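Have a look at the structure below before the remarks.
The values are calculated or read from the model by the stated rules, or taken from the named source; none is laboratory data. Here the structure is a predicted model, which means the values were calculated and not measured. With ideal geometry, Cβ positions are generated from the backbone for all residues, glycine too; neighbour counts draw on all protein chains shown.
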Amino acid sequence: MNIILFDTRQEHYNLLPLTFTRPIAELRIGIDTIRAKWEKLLPGTYSYLTLPYLATKFPLHNTDDNIFIAAHILPTPTLAQQIASLNYDEAIADENETWAYRGKFFTPSETIPGKTYAPDETPDAIRFPFDIFSKNGKEIEADFRRITDGRTSAPLSETCTLIGDPNLLFIEEGATIECTTLNTKNGPIYIGRDAEIMETCAVRGPLALCEHAVLNMGTKVYGPTTLGPYCKCGGELNNVVFIGYSNKAHDGFLGNAVIGEWCNLGADTVASNLKNTYDEVRVWNYPTHTFRPSGLQFCGLIMGDHSKAGINTMFNTATVVGVGCNIFGPGFPRTFIPSFSEGGASGFKELGLTRFFNIAERVMARRHKELTDIDRQLYSYLFENREG
């Protein structure tokens with residue numbers, strides 16, 4: 001099957017700043033990205049129907065017979081089976097949106113001309129950045145069942161203490177865990193290939209520690225938390241999702257947060273996730289250029305790719321940081337920081353594109369990755385069309 005994961009404009013823009021640099025399907029929630037979940041439930045050749053400026057890096061592969069799936073819908077086995085049974089020119093939709101369609105062409109905003117079926121179930125969807133941490137626990141549990149079904153975990157070191165069901169702990173080959181307390185009473189713990197948990201960490205599930213991710217000595221983790229590939233974290237984490245290749249290696253609290261790729265939070269950086277008044281949190285929304293009610297009492301930091309915070313940075317509740325920002329200095333910076341900004345509480349200036357590229361090259365080289373020409377085109381577009 002030729003499968004195309006499509007972004008609706010509404011969801012793509014509502015999920016900024018995380019989707020400035022990727023289609024929705026490349027967001028991580030639970031253990032896997034949304035695309036990886038679909039690939040395991042519905043085998044096929046996958047590509048993207050996303051915004052034009054992202055299409056060079058994330059191209060569309062179109063044939064005469066395609067299955068289009070809304071990328072913000074979180075996969076389930078039931079939905080995958082229903083999609084697989086679609087005939088040509090048939091769709092799955094409810095009264096508000098199209099979930100899937102089989103045919104040659106599809107424009108998300110158009111009405112489906114063929115036969116339409118109601119979904120057999122109503123799975124979750126991510127429509128705003130805070131949905132990622134809010135729904136992360138359920139997704140960790142679903143991914144854990146799928147990934148570990150019928151498999152045997154690598155053994156846990158005798159230096160560690162396990163509290164709870166041992167069947168809810170799975171360790172991939174090459175992972176290292178020593179002198180750590182792991183508690184599965186509230187959910188599963190998944191330790192990816194070549195990941196490491198250093199001595200004296202205390203971990204409560206649900207937790208997904210993806211390949212090559214590291215918890216430094218003495219880290220405290222409350223679930224549901226996900227550390228994507230090659231992330232390194234320390235201090236205190238509570239219900240946090242790191243998409244990948246980002247660091248919070250030292251002490252400091254981070255809770256109810258989503259952090260993009262290639263980010264770094266300096267030593268003792270802290271981010272509030274609760275207002276002193278205990279009021280509902282308002283979060284910056286890019287399409288409306290306003291702070292909108294979230295329906296949440298807890299919401300921490302939302303940070304786009306390649307943004308950095310210096311030591312002792314303090315973030316107010318529900319701060320949203322764009323792409324390519326450099327934040328430092330005493331005091332609380334404002335709760336919305338546009339992309340390519342440099343500064344802090346005393347004010348911001350533009351972070352020039354050449355300086356951004358120089359920083360990004362050095363950061364990526366530490367993980368043996370390169371900033372490609374396609375990456376440069378993408379970030380140049382974002383810089384020229386940056387929000388303000």
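Just wondering, is there one or more residues in the range 178-187 that are closer than 30 Å to Tyr13 by Cα and in contact with a Lys or Arg (Cβ under 9 Å, 6 or more places away or on another chain)?
no
For Phe144, all conditions in the list (1) outside the structural domain of Leu237 (by TED's automatic domain parsing); (2) within 30 Å of Cys299 (Cβ to Cβ); (3) over 16 Å from the mean Cα position of the chain (by Cα); (4) surrounded by 19 or more Cβ atoms within 10 Å (Cβ to Cβ) hold save one; what is the number of the exception?
(1)
Could you tell me which residue of the range 79-137 is modelled with the highest pLDDT, considering only residues that are under 30 Å from Thr225 (Cα atoms), over 25 Å from the mean Cα position of the chain (by Cα) and exposed (fewer than 15 other Cβ atoms within 10 Å of the Cβ)?
Checking each candidate, the answer is Gln81.
Here are the criteria: (1) surrounded by fewer than 22 Cβ atoms within 10 Å (Cβ to Cβ); (2) at positive phi. Tell me which single one Gly244 does not satisfy.
(1)
Evaluate the following for Lys232: is it closer than 18 Å to His212 by Cα, free of Cβ contacts under 8 Å to residues at least 24 places away in the same chain, surrounded by fewer than 24 Cβ atoms within 10 Å (Cβ to Cβ) and more than 14 Å from the chain's Cα centre (by Cα)?
So Lys232 fits the description; yes.
Quick one: in the range 330-388, which of the residues that are among the acidic types (Asp, Glu) and in a loop (DSSP other than H, G, I, E, B) is farthest from Pro59 (Cα to Cα)?
Glu387
For the range 9-105, list the strands (runs of 3 or more DSSP E) that sit wholly inside it and hold at least 2 residues that are of a type in the set (Val, Ile, Thr); which are they?
66-70
Considering Thr50, Thr33, which residue is of a type outside the set (A, V, I, L, M), outside the structural domain of Val258 (by TED's automatic domain parsing) and either under 25 Å from Ile191 (Cβ atoms) or free of Cβ contacts under 8 Å to residues at least 24 places away in the same chain (or both)?
Selected residue: Thr33, the only one of Thr50, Thr33 that is of a type outside the set (A, V, I, L, M), outside the structural domain of Val258 (by TED's automatic domain parsing) and either under 25 Å from Ile191 (Cβ atoms) or free of Cβ contacts under 8 Å to residues at least 24 places away in the same chain (or both).
Looking only at the range 346-365, which residues are charged (D, E, K, R) and surrounded by fewer than 11 Cβ atoms within 10 Å (Cβ to Cβ)?
Residues satisfying the conditions are Lys349, Arg362.
What are the pairs, 6+ residues apart or on separate chains, where a residue within the range 55-74 that is free of Cβ contacts under 8 Å to residues at least 40 places away in the same chain has its Cβ under 9 Å from a residue that is in a strand (DSSP E or B)?
Partner pairs satisfying both residue conditions: Ala55/Tyr48; Ala55/Leu49; Phe58/Ser47; Phe58/Tyr48; Pro59/Ser47; Pro59/Tyr48.
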